[in-house]
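Structure record follows, encoded as structure tokens.
The values are calculated or read from the model by the stated rules, or taken from the named source; none is laboratory data. Bear in mind the structure is a predicted one, so any value in this text is a computation, not a measurement. Here the Cβ positions follow ideal geometry from the backbone for every residue, glycine too, while neighbour counts run over all protein chains shown.
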Amino acid sequence: MTGQAVPNQAWELAFFLSGHEDLAAQISARAVNRLRVAAAAQDKRRYYQPSLRVSQTDATRSKIILSETDLLQYLIYRESEFLLDALCQGRTNALPQSRDLTEELLIHYVKHLVMLTVSRNSFHVMIGISRVLHNYSTTEAILLYHLVTQNQERAKDESYWRARKGQLIRALKTRFGSVLTVVRGRSGEERIQAQADTTKYQTLVDDCLRRFTPWSTSCLVSENFTPQCSSAPTQMFSSHDASAKNQIKVERMHALIHPACFARLTSTLGLAAPHTQLEIPQFDLSVLSP
Ligand SMILES: [Zn+2]
């Protein structure tokens, strides 16, 4: 994959993000060209990363090492950032005809959320998916995280969760600027002002999340998954070597990002279905007017 050929999957993702064949070709080609350098940088980090010798708590904070496939997917997000710049600056004349401005912003919002968190670790993905893109409570999010990691010792207290959510919201606000409005809830917690009715956007968000699920992964959360793990795939929770451990972290990200798997996790815990908990930002389109 480190050659110049652009895999179909890469072109298709770039086309989804840009809506233009020419732009998709440019974005995917640039991502492929950057892949060799990015993979070498990751290998250097892998070599120096002391995650095998530190405590579990510190290990969970360590950044993920992405496979070449997932790294290419991530690079396409990065190479598509100029589209978001254009949107936030009101340069909307090149938008694809098939989508409106809110849909365009929403696609880049979900992409940005996934991009920011996938490059960190599954804990950050959990915050992004359950606490920012959906409005599950901190307590519910902690239950979900325990279910995915199967390790109570990795629990962090609620103040830590809230602090990390605040960090993520501020990062999104910085990127999207005045298009996003940050408000404070009754508990003083920051949140992005959301639309009252999200029904119209459920299908699009599902489509985004399916496309943004790490390419190297597959569905390991079965229909009859239980909290006791009697039917849980061992690949999600155990490992034999460092490489497998890293892949398990990416598989956990799959379980959180992929709509079908995430819905099974919430159902297993008796939580409300993800569609009912969706938080779609109330994008301020007036600031984009020329
Ligand atoms: Zn899945």
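Residue by residue, here is whether (1) within 16 Å of the ligand (Cβ to nearest atom); (2) of a type in the set (A, V, I, L, M); (3) in contact with a Pro (Cβ under 6 Å, 6 or more places away or on another chain); (4) at pLDDT below 95 holds:
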| position | (1), (2), (3), (4) |
| --- | --- |
| Val148 | yes, yes, no, yes |
| Gln152 | no, no, no, yes |
| Leu180 | no, yes, yes, no |
| Arg186 | no, no, no, yes |
| Glu189 | no, no, no, yes |
| Asp197 | no, no, no, yes |
| Pro227 | no, no, no, yes |
When Thr217 is run through (1) surrounded by 12 or more Cβ atoms within 10 Å (Cβ to Cβ); (2) part of a helix (DSSP H, G or I); (3) at pLDDT 90 or above, the failure sits at (2)
Keeping to the stretch 240-290, report how many residues are over 17 Å from the mean Cα position of the chain (by Cα) and aliphatic (A, V, I, L, M). 9
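Just checking, which of Val179, Val148, Val114 is of a type in the set (Val, Ile, Thr), surrounded by 16 or more Cβ atoms within 10 Å (Cβ to Cβ) and under 15 Å from the mean Cα position of the chain (by Cα)?
Values: Val179 fails: under 15 Å from the mean Cα position of the chain (by Cα); Val148 fails: under 15 Å from the mean Cα position of the chain (by Cα).
Going through Val179, Val148, Val114 in turn, just one is of a type in the set (Val, Ile, Thr), surrounded by 16 or more Cβ atoms within 10 Å (Cβ to Cβ) and under 15 Å from the mean Cα position of the chain (by Cα): Val114.
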Quickly run through the stretch 267-282 and pick out the residues that are modelled with pLDDT under 95 and in contact with a Phe, Trp or Tyr (Cβ under 8 Å, 6 or more places away or on another chain). Thr268
When the stretch 240-265 is checked residue by residue, the ones that are part of a helix (DSSP H, G or I) and away from the ligand (no atom under 13 Å from the Cβ) are Ala242, Ser243, Ala244, Lys245, Asn246, Gln247, Ile248, Lys249
